[in-house]
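Enquirer: Encoded as structure tokens, here's the structure I'll be asking about.
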Amino acid sequence: MEAQESLQQVSQSFGLGEIKELARLEDGIVNRSYKIRTLKGNFVLQCLSPIFNEKVIEDYEKFQSYLRTNGIFVPVLLKNKDHKAFTKQGDAIWRVFEYIAHDQQDSINPSIKTAYEAGKILGKFHKIMSKSNFKPSFQLPGFHDTKNIINKLECLMHSKKNNIKSNAVNEEFNFIRNHINLSPDIGKMRKTIIHADPKIANFLFKEDKAIAILDLDTLMIASPLIDLGDALRSWCRVKPATSLFRQEIFRAALEGYNSESPFEYSQKEAKDAMSLLTLELAARYLNDYFEENYFIFKSEKYKTRAEQNLTRCRRYLEYFENFS
């Protein structure tokens, strides 16, 4: 956990006062987030991963009002004492959101009801964004660029410095390469602004109704099928540490999505997109098995970053086989 002193300094810079209670929010695998309570109320402090910069915050400031006035509730980004929406500590960029009260749902395994509701609000998000003229100023290089991700993996596999690591993952590499060619090319399909990280933890619920969407850092212009496929990839797998597929969640989420989205998709289109995004994520984990610099390291679960990323890659390949 961050040093208590650092978190107190961030809180003070936003005029929130002394932190009375502090809890790490464990859902993130890229940014580090904390729920705090001060005399002024409850807030979320978040330290951005080095993969992001200030443009992410500029984008959020543009989009938050547009979304809220059009029926998609997102947390308000607070200003610090210098009237900026972020504070820097060394190289680290910190921001603060209002805390939105919500029911403590299972943040990784949705129920049929919450899957339907999350699908519905994702469809509504796409509908609203399809009417927007905004363009995100920040975009992660190569994010959801499947061909680029696979090309990078090819290079890492054939690099002499990776000989030992490469020999250990020939089976995984060949599986991804052989099966991803069977996946659809959705990059040329109709596009809008998508969320690009629609895991269930990025949706808040109250009385089984989806009330808010979180984490707009990865907004990009792309096919809505990327969001839908990634959502289904995430929501339908029984977690943690299993490769089981829940067909009932797939059906409920797709029904909810199609009830609101202007982009209506068949079960086959959704399943094909889900297959592509599952293999893409497996490839990203295998890339980080070599590079060990992207996903947050869960040292309480794994001995090394390489072990963590290879374990996750293998889990998703097994999952792919279970639903495809």
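Please treat every number below as a calculation from the coordinates, not as lab data. As the structure is a prediction and not an experimental result, all values here were calculated from the model. Every residue, glycine among them, receives a Cβ derived from its backbone with ideal geometry; neighbour counts consider all protein chains shown.
Enquirer: Enter the mean projected area of the convex hull around the alpha-carbon atoms of the stretch 148-240, in nm², rounded to one decimal. Each step should come with its number before you reach the end.
Expert: On the way: hull surface 34.0 nm².
So the Cα hull casts an average projection of 8.5 nm².
Enquirer: Something else: Would you mind getting the Kirkwood hydrodynamic radius of the stretch 180-324 from its Cα pairs, rounded to one decimal in Å? Let's see the in-between values first.
Expert: On the way: mean 1/r = 0.0620 Å⁻¹.
With all distinct Cα pairs of the stretch 180-324 included, I get 16.1 Å.
Enquirer: Among Asn258, Asn162, Asn309, which one shows the biggest mean-square fluctuation in a GNM of the chain, springs joining Cα atoms closer than 10 Å?
Expert: Of Asn258, Asn162, Asn309, the most mobile in the Gaussian network model is Asn162.
Enquirer: Per q in 0.21, 0.24, 0.29 Å⁻¹, report the Debye log10 I(q)/I(0) for the stretch 116-178, using one uniform scatterer on each alpha carbon and no solvent.
Expert: So the normalised log intensities work out to -0.88, -1.02, -1.18.
Enquirer: Among the listed pairs Lys35/Lys79; Lys62/Lys124; Lys191/Lys268; Lys84/Lys127, give every one whose C-alpha distance is greater than 22 Å. Write out the running numbers ahead of the final one.
Expert: Working: Lys35/Lys79 17 Å; Lys62/Lys124 18 Å; Lys191/Lys268 19 Å; Lys84/Lys127 30 Å.
Among Lys35/Lys79; Lys62/Lys124; Lys191/Lys268; Lys84/Lys127, the Cα-Cα distance tops 22 Å for Lys84/Lys127.
Enquirer: For Ala23 paired with Ala168, estimate the spin-label separation in nm (one decimal), with each label point 7 Å from Cα along the Cα-to-Cβ line.
Expert: Here the modelled spin labels are 3.6 nm apart.
Enquirer: Under a 5 Å amide H to amide H cut-off, with H placed in plane at 1.01 Å, what residues pair with Asn80 once short-range neighbours are removed?
Expert: Here the answer is Ala85, Phe86, since their amide H atoms fall under 5 Å of that of Asn80.
Enquirer: Nearest 20 debye, what's the magnitude of the dipole of the chain about its Cα centre given +1 on Lys and Arg Cβ and -1 on Asp and Glu Cβ? Mind dumping the intermediate values first?
Expert: Values: 47 positive and 42 negative charges, 50 e Å.
Computed charge dipole of the chain: roughly 240 debye.
Enquirer: Let me ask something additional. What full-extension length gain, to one decimal in nm, is calculated for Asp103 and Gln247 as 0.36 nm per residue of separation minus the Cα-Cα distance?
Expert: Values: separation 144, 0.36 × 144 = 51.84 nm, distance 2.48 nm.
Stretched fully, the Asp103-Gln247 segment lengthens by 49.4 nm.
Enquirer: Could you list the square roots of 5 times each eigenvalue of the Cα gyration tensor of the stretch 4-98, that is, the equivalent ellipsoid semi-axes, sorted largest first and rounded to whole Å?
Expert: Details: eigenvalues 83, 50, 38 Å².
Three semi-axes, in Å: 20, 16, 14.
Enquirer: Put a dot 7 Å past each Cα toward the Cβ at Glu5 and Thr311; how far apart are the dots in nm?
Expert: 3.4
Enquirer: For the stretch 8-163, what is Rg from Cα atoms divided by 2.2 N^0.38 Å, rounded to two decimals?
Expert: Values: Rg = 18.7 Å, N = 156, 2.2 N^0.38 = 15.0 Å.
Its radius of gyration relative to the 2.2 N^0.38 Å reference: 1.25.
Enquirer: Related question: For the stretch 93-202, compute Rh as the Kirkwood radius over C-alpha pairs and then the Stokes-Einstein diffusion coefficient at 37 °C and 0.692 mPa s; write the answer in µm²/s, rounded to an integer.
Expert: Numbers: Rh = 18.1 Å.
Calculated translational D: 181 µm²/s.
Enquirer: Residues of the stretch 130-146 with backbone nitrogen within less than 17 Å of a virtual label 7 Å along the Cα-to-Cβ line of Asn53, please, listed as ranges.
Expert: Residues passing the 17 Å test: 136-143.
Enquirer: Along the principal axes of its C-alpha atoms, what lengths does the stretch 202-242 span, in descending order and rounded to whole Å?
Expert: Principal-axis extents of the Cα atoms in the stretch 202-242, largest first: 31, 27, 16 Å.
Enquirer: In Å, what Kirkwood hydrodynamic radius results for the chain from the alpha-carbon pair distances?
Expert: Values: mean 1/r = 0.0485 Å⁻¹.
When all Cα pairs of the chain are included, the Kirkwood radius is 20.6 Å.
Enquirer: Sticking with this one: Can you give the FRET efficiency for Cys155 and Asp82, using 1/(1 + (r/R0)^6), R0 = 51 Å, r = Cβ-Cβ distance, to the nearest 0.05? Write down the numbers at each step before the final one.
Expert: Numbers: r = 43 Å, r/R0 = 0.84.
Result of the calculation: an efficiency of 0.75.
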